[in-house]
Amino acid sequence: MVRLPWEEIEWVLLDMDGTLLDKHFDDYFWEEYLPKVYAEREGIPLEKAKDVLFKRYLEEEGTLNWTDLDYWSEEFGIDIPLLKREVEHLIKVHPYVIPFLEALREKGKRVYLVTNAHSKTLDLKMKKTRIGPYFDAIISAFDIGLPKERVEFWQRLQEMIGFDKERTLLVEDSEDNLESASRFGIRHLVYMALSSTKKPPTPSRRFPSITYFKEIMP
């Protein structure tokens, strides 16, 4: 059970993929769909394509390139944004997200979507889910110039929106991002244990964990 002192929390920072949205879309796209297209184009077995792509993914993990659709389009010679639209039916909001966002607005909290996602990913997912109006602002790592894994990201974000570290809640499905936020000094940190509905929840050993937002409803 995660108990939050909502009377003390004024700013709420929410990750997108795996936190608000079901990460199954992203997992399927990068781990299955793109390798399939790449294998067919190159005339190689699917497993060989996966080996090639996964190796390149890992080389860019923790950098802005990791989520830069234009970078991967150029790298693989494939129109990644166009390809994503072919499977956009898999983009879904996690259960209880909308009631949680509505409750935050009713309570007068300042709500920000804070994501590493590229602008073209954001455009696709906001059009599909229609959750954009719930946020005071949507801020990408590309706006900041750094990924959330870097402590400096949170410093620049604070300079941009002026949040009070002691009165801020961050919900993420990435322990690395929560760790960098913790080092910066954000007080209230919650880990989303159910990032994909196709995988079992995996609670964090380092941070308070939830499976659904109904567990921390204000």
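The values are calculated or read from the model by the stated rules, or taken from the named source; none is laboratory data. What you see is a predicted model, and the numbers here were worked out from it, not measured in a lab. Glycine also receives a Cβ, built like all others from the backbone with ideal geometry; neighbour counts cover every protein chain displayed.
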>> So, in segment 187-216, how many residues would count as being among the aliphatic types (A, V, I, L, M), without any contact (Cβ under 8 Å) to a residue 60 or more places away in the chain and in a loop (DSSP other than H, G, I, E, B)?
In response: 1
> Of the residues that sit in segment 91-107 and are surrounded by fewer than 18 Cβ atoms within 10 Å (Cβ to Cβ) and either outside the structural domain of Asp17 (by TED's automatic domain parsing) or under 17 Å from the mean Cα position of the chain (by Cα) (or both), which one is nearest to Phe135 (Cα to Cα)?
Replying inline: Ile98
> Going by the structure shown, is Ala49 touching a Leu at 6+ places or on another chain (Cβ under 6 Å), of a type in the set (A, V, I, L, M, F, W, C) and over 30 Å from Pro218 (Cα atoms)?
Replying inline: no
> Here are some residues: Lys148, Lys165. Which one is within 18 Å of Leu20 (Cβ to Cβ) and basic (Lys, Arg)?
Replying inline: Lys148
> Val52: surrounded by 14 or more Cβ atoms within 10 Å (Cβ to Cβ), more than 16 Å from the chain's Cα centre (by Cα) and not charged (D, E, K, R), yes or no?
Replying inline: yes
> Looking only at residues in segment 26-63 that are at pLDDT below 95 and either touching a Ser or Thr at 6+ places or on another chain (Cβ under 7 Å) or not polar (S, T, N, Q) (or both), which one is nearest to Glu86 (Cα to Cα)?
Replying inline: Glu61
>> Condition first: surrounded by 14 or more Cβ atoms within 10 Å (Cβ to Cβ) and either assigned to a helix (DSSP H, G or I) or in contact with a Lys or Arg (Cβ under 6 Å, 6 or more places away or on another chain) (or both). Now tell me which residues in segment 55-66 satisfy that.
In response: Tyr57, Glu60, Leu64, Asn65, Trp66
> Among the numbered criteria (1) out of contact with any Lys or Arg (no Cβ under 9 Å at 6 or more places or on another chain); (2) surrounded by fewer than 18 Cβ atoms within 10 Å (Cβ to Cβ), which single criterion is violated by Val151?
Replying inline: (1)
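Quick check: is even one residue across segment 146-165 under 17 Å from Asn65 (Cα atoms) and without any contact (Cβ under 8 Å) to a residue 24 or more places away in the chain?
no
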> Scanning for something exposed (fewer than 14 other Cβ atoms within 10 Å of the Cβ) and in a loop (DSSP other than H, G, I, E, B), does segment 25-32 turn up at least one residue?
Replying inline: no
> Which pairs do you get when a residue that is touching a residue at least 60 places away in the same chain (Cβ under 8 Å) and not assigned by TED's automatic domain parsing to the domain that holds Lys148, found in segment 47-75, comes within reach of a residue that is surrounded by 13 or more Cβ atoms within 10 Å (Cβ to Cβ) and hydrophobic (A, V, I, L, M, F, W, C), reach meaning Cβ atoms under 7 angstrom, with the pair 6+ apart or on two chains?
Replying inline: Leu64/Ala141; Leu64/Phe142; Thr67/Ala117
